[in-house]
Amino acid sequence: MSIKNPLEQSVRERLELYFSDLGESEPRDMLAMVVNCVERPVLQVALEKSKGNQSKAAEMLGVTRSTLRKKLQAHNLQP
């Protein structure tokens, strides 16, 4: 399987390391873990690039401003 997207490749490599570190343990809630780990920095970068303008950040992310605010609150990123 050939992965050309560098971000996708990076996630795949990190997941392989995650499984290696788990050893014999079974993973739990993997998708939620990955989404949570990725969502926070994506929100932070969108806010930085929009200079804190939530409307612009929401547009960049393809979500409503209301959804953005909920996600910021969930990640404890509310100003």
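Bear in mind these aren't lab numbers, they're just calculated from the coordinates by the rules spelled out. Treat the numbers as computed from the prediction; the structure is a model and nothing was measured. Cβ coordinates were reconstructed from backbone atoms using ideal geometry, including for glycine residues, and neighbour counts include every protein chain displayed.
Remark: the Cα gyration tensor places the stretch 35-79 in the rounded category, a/c being less than 1.5. Decide, for the stretch 1-62, between rounded, prolate and oblate: order the square roots of the alpha carbon gyration tensor eigenvalues as a ≥ b ≥ c, take rounded if a/c falls under 1.5, and otherwise choose prolate if a/b is larger than b/c, else oblate. It is prolate, given that a/c is not under 1.5 and a/b is the larger ratio. Between T64 and L7, what FRET efficiency comes out of the Förster formula 1/(1 + (r/R0)^6) with R0 = 22 Å and r the beta carbon distance, rounded to 0.05? After rounding to 0.05, the efficiency reads 0.35.
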